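Engineer: Can you read through this structure? Questions will come right after.
The values are calculated or read from the model by the stated rules, or taken from the named source; none is laboratory data. Note that the coordinates shown come from a computational prediction; the quantities given were computed from them, not determined experimentally. Glycine also receives a Cβ, built like all others from the backbone with ideal geometry; neighbour counts cover every protein chain displayed. Ligands, DNA and RNA are excluded from the accessible area calculation, which covers all protein heavy atoms including side chains. Shrake-Rupley method; radii C 1.70, N 1.55, O 1.52, S 1.80 Å.
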Amino acid sequence: MTGIEAHVQQPYKYGFVTDIESEVVPAGLNEDVIRLISTKKGEPDWMLDWRLKAYRNWLKMSEPHWPNVKYGPIDYQAISYYAAPKKLPKLDSLDQVDPKLVATFEKLGIPIEEQKRLTGVAVDAVFDSVSVATTFQAELAKYGVIFMPISQAIREHAGLVQEYLGTVVPANDNFFAALNSAVFTDGSFVYVPKGVRCPLELSTYFRINASSTGQFERTLIIADEGSHVSYLEGCSAPMRDEHQLHAAVVELVAFDRATIKYSTIQNWYPGDEEGRGGIYNFVTKRGKCAGVNSKISWTQVETGSAITWKYPGCILQGDNSIGEFYSVAVTSHKQQADTGTKMIHLGKNTRSTIVSKGISAGRGQNTYRGLVKIMKGAEGARNYSQCDSMLIGDKCGAHTFPYIDVRNSTAIMEHEASTSKIGEDQIFYLRQRGLSSEDAVSMIVNGFCKEVFKELPMEFAVEATRLLGISLEGSVG
Amino acid sequence: MAKGKVLLEVKGLRAAVAGNEILKGVDLTIRDGEVHAIMGPNGSGKSTLAQVLAGHPAYEVRGGSVQYAGKDLFELDPEERARDGVFLAFQYPVEIRGITNSYFLRSALNAIRKSKGEAELDPLDFLQVLESKLKAIGWDDAMMNRPVNEGFSGGEKKRNEILQLAVLEPRFAILDETDSGLDIDALKTVAQAVNQLRAPERAFLIVTHYQRLLNYITPDVVHVLADGRIVKSGGPELAHELEAKGYDWLRDAAMVS
């Protein structure tokens, strides 16, 4: 082989399995399973009722097939909906965490032990269906910031959870959101009180370990008036020949003058070169700028998963509120991604910015799908969208579906799009200056993604750059 | 002047692109410190020669040999050639979005330094290296903070190539039609910068269609490439002769031979 695509892809670096005794609920989905999950989590009745209602809705819904992705049928009865390590620590005592779990997260670069913790970052570590450790909880409590597993919040802050759960992503929003609402297990809950600037980066790391399971996490972040919080999630899973389903729901609520910055570094197992295995990442993420001058900013770096289907969006309800979406999506081998955003402008002078960078290599298919909707009352709304696609090789694809729905004539909309190809000439130019072909690709891709990477919290920008380097390593020769 | 050691020895070089043989047996010897000019009509293979020497993967070497500084050049990857001092100033420099000129050039310099076991330069050290080189081409720092070649005019791109040449200090520099697209002032600046870089331990191969660059850079040897072969070599006066008579008389000679 000559030139581009001559090399072999680097193996996935997080594909190991932790050998740990787990309790796995038998495969299958019915009301008894949901009751079992609810009981295991020690939930109040209202929560179980909410789940059951969602489940009954889900039964009437059908899987969406409008995304630009192809996959075989999913047997929802073949999935186990709850898996947890048997030895679980008691709350707030990290010392009792199974050393195997500690080692697992350390191997993933997420130290949860007291003495090795990441400085400036509080971490909630979720392993299969349960949170196994949440660091800096006490430290955060001093500021009134609540950061804990959502199952704990359902017990300890029932009022807050009940008030906001499902208000941004209703339980019957879509097929996968309904499924999640019925069976969600763990995820994080964050509440930042009025006027508080959260002193630490908050972060959740999701690890799928058990086979034949799905992970259905649920995250709810509430930023009260004038508060500020930056949250980051990361994830990975073992290499397996089977596909595993990950259907998460994330809801954000920002009140007057509050800011939520939500960053994702998604590195689920992408499957092998032939498309065997890999995670189906079907996720619903939405934020509501409920208050005036509030701001929600989504930044995502999507390098993993066999299939990605997600559209983190913003409902810009408060006047002068701001929604942002910065995305890098990489599809290599046979990965498929259909991702983008929804910006719904309701309030006056609301503004949204969309910057999407799609990179396709191998036989990857990358689709940007975005909706910008300006409602009647949204006087003076503005949107700026930029969609750039980069192709590496000639067997991959890039697709763009921007939807624009404007119902107020004062709106100002801008849309820019470009498609470029990393070619031999570009690589050769850099190699002629002494850079290796890997460094050349990395430099070109990083330059292409720069506008998105600069939005990531400093601690994670480096990680993102490195991750991108790994996932594209060898895809260009 | 005593002749330098042989730096580059090209023998019977044949090369093709997209299945078409362009170089049909090129012989060329360049010694340390020499400046050679390759002239010739369009399509004669001048740029192909430059690309083949630098190692562009789209060009297929079909025969012959190239020895460079005692090594078989074709055994080396493009980046290894670069680290060993082969530099090509591109006819069409590429743009790199989102990467500043400064970061790019420092990365290149550090890749070369690293291969020689020298310490890599941090941004501050690099600025010092850069200062005098920028002056030579009449630029200030502002050009270094722009993305590589993005939005550069044709002339700015060519100057950027010469800046890279000045910073990377190669042993063997190939200039591929660096004069094309330059106005007379830019041409003079570029020529001056090249003249400053002439040194006993550095050789140049200047590929050009027109004689005008050679008014400012006096070559030691001028070669005429026609139909994939060097059909005539001579001193600087050959360039003037070509300017006066055109290439046709030589092309005819090549056909006959």
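Engineer: Quick check for me: using +1 on Lys/Arg Cβ and -1 on Asp/Glu Cβ, what's the dipole size of the protein assembly as shown about its Cα centre, in debye to the nearest 20?
Structural biologist: 720
Engineer: To continue, here is another question. May I have the convex hull volume per residue, in Å³, for the Cα set of region B:6-256?
Structural biologist: Taking the convex hull of the Cα positions in region B:6-256, it is 123 Å³ per residue.
Engineer: Right, another one. Highest mean first, what order results for A:155-161, A:433-439 on Cβ atoms within 10 Å?
Structural biologist: Output ranking for A:155-161, A:433-439: A:433-439, A:155-161.
Engineer: For B:ASN160, what charge total do you get from the other residues with a beta carbon under 13 Å from its beta carbon, if Lys and Arg give +1 and Asp and Glu give -1?
Structural biologist: Net charge in that neighbourhood comes out at +2.
Engineer: Over region A:326-442, what is the mean sequence separation of C-alpha contacts under 8 Å (at least six apart), divided by residue count, expressed as relative contact order in percent?
Structural biologist: 24
Engineer: Treat every Asp and Glu Cβ in region B:78-214 as -1 and every Lys and Arg Cβ as +1, leave all other atoms uncharged, and give the resulting dipole magnitude about the Cα centre to the nearest 20 debye.
Structural biologist: 220
Engineer: Right, something else. Please state the shape class of region A:340-388: rounded when a/c is under 1.5, otherwise prolate if a/b exceeds b/c and oblate if not, all from the C-alpha gyration tensor.
Structural biologist: In terms of gyration-tensor shape, prolate.
Engineer: Subtracting the Cα-Cα distance from 0.36 nm times the residue separation, let me have the gained length for A:THR410 to A:GLU242 in nm, one decimal.
Structural biologist: 55.4 nm
Engineer: Taking the dipole about the Cα centre of chain A, with the C-beta of Lys and Arg at +1 and of Asp and Glu at -1, give me whichever of A:SER360, A:SER62, A:ILE344 is farthest to the positive side.
Structural biologist: A:ILE344
Engineer: Using the alpha-carbon centroid of each, what span in Å lies between region B:159-224 and region B:79-96?
Structural biologist: 14
Engineer: For region A:243-305 and region A:27-46, what is the separation of their C-alpha centers, rounded to whole Å?
Structural biologist: 25
Engineer: Continuing with the same structure: On average, how many beta carbons from a partner chain sit within 10 Å of the beta carbon of a residue in A:443-453?
Structural biologist: Average per residue, whole number: 4.
Engineer: In addition: Leaving out same-chain residues fewer than 8 places away, which aspartates and glutamates sit with a Cα under 15 Å from that of A:LYS107?
Structural biologist: A:LYS107 reaches A:ASP19, A:ASP98, A:GLU463.
Engineer: What's the ranking of A:327-340, B:8-21, A:199-212 by average number of surrounding C-beta atoms within 10 Å, highest first?
Structural biologist: Top of the packing list down: A:327-340, A:199-212, B:8-21.
Engineer: To the nearest whole number, what is the average tally of beta carbon atoms from other chains within 10 Å of the beta carbons of peptide B:85-94?
Structural biologist: 3
Engineer: Mind giving me the nanometre distance, one decimal, between the label points for A:TRP46 and B:ASP183, set 7 Å out from Cα along Cα→Cβ?
Structural biologist: 7.5
Engineer: I've got another one for you. Size of the dipole of region B:6-256 about the Cα centre, Lys and Arg at +1 and Asp and Glu at -1 on the beta carbon, nothing else charged, in debye to 20?
Structural biologist: Roughly 200 debye, rounded to the nearest 20.
Engineer: For chain B, with the dipole built from +1 on Lys and Arg beta-carbon atoms and -1 on Asp and Glu ones, taken about the Cα centre, which of B:ILE174, B:ALA89, B:TYR247 lies farthest toward the positive end?
Structural biologist: Of the listed residues, the answer is B:TYR247.
Engineer: A further question follows. Counting only other chains, and only Cβ atoms inside 10 Å, what mean value do you get across the residues of B:47-57?
Structural biologist: 2
Engineer: Right, something else. Put one equal scatterer on each alpha carbon of the protein assembly as shown, apply the Debye formula with no solvent term, and list log10 I(q)/I(0) at q = 0.09 1/Å to two decimals.
Structural biologist: Listed by q, the Debye log ratios stand at -0.85.
Engineer: Can you spot the lysines whose alpha carbon is less than 18 Å from A:LYS70's alpha carbon? Ignore those fewer than 8 places along the same chain.
Structural biologist: A:LYS310, A:LYS334, A:LYS395
Engineer: Within the set of other residues whose C-beta is less than 12 Å from the C-beta of A:VAL328, count the net charge using Lys and Arg as +1 and Asp and Glu as -1.
Structural biologist: With Lys, Arg at +1 and Asp, Glu at -1, the neighbours total -1.
Engineer: Under a cut-off of 17 Å between alpha-carbon atoms, report the aspartates and glutamates in cross-link reach of A:LYS288, not counting same-chain residues fewer than 8 places apart.
Structural biologist: Straight-line reach from A:LYS288, under 17 Å: A:GLU163, A:ASP173, A:ASP224, A:GLU225, A:GLU251, A:ASP256, A:ASP319, A:GLU324.
Engineer: Under 15 Å from the 7 Å Cα→Cβ point of B:GLU95, by amide nitrogen: which residues of region B:150-168?
Structural biologist: Within reach of a label on B:GLU95: B:150-158.
Engineer: State the answer as a single residue: which of A:MET239, A:HIS415, A:GLN77 lies farthest towards the positive end of the charge dipole of region A:3-472, with beta carbon charges of +1 for Lys and Arg and -1 for Asp and Glu, about the Cα centre.
Structural biologist: Positive-most Cα among the choices belongs to A:HIS415.
Engineer: Another question, if that's okay. Go through A:59-65, A:367-373 and give me the packing order, highest mean Cβ count within 10 Å leading.
Structural biologist: Highest mean packing first, the order is A:367-373, A:59-65.
Engineer: Just to confirm, what accessible area per residue do you get for chain B at 1.4 Å probe, in whole Å²?
Structural biologist: Accessible area per residue: 43 Å².
Engineer: Next question. Determine the sum of side-chain charges near A:GLU233: Lys and Arg each +1, Asp and Glu each -1, restricted to other residues whose C-beta is under 13 angstrom from that of A:GLU233.
Structural biologist: -1
Engineer: Over chain A, what relative contact order in percent results from Cα pairs under 8 Å that are six or more residues apart?
Structural biologist: 12
Engineer: Using only helices, what value at 222 nm comes out for chain A when you add -39,500 (n - 2.57) per DSSP H run of length 4 or more and divide by the total residues, to the nearest 500 deg cm²/dmol?
Structural biologist: Calculated at 222 nm, the ellipticity per residue is -6500 deg cm²/dmol.
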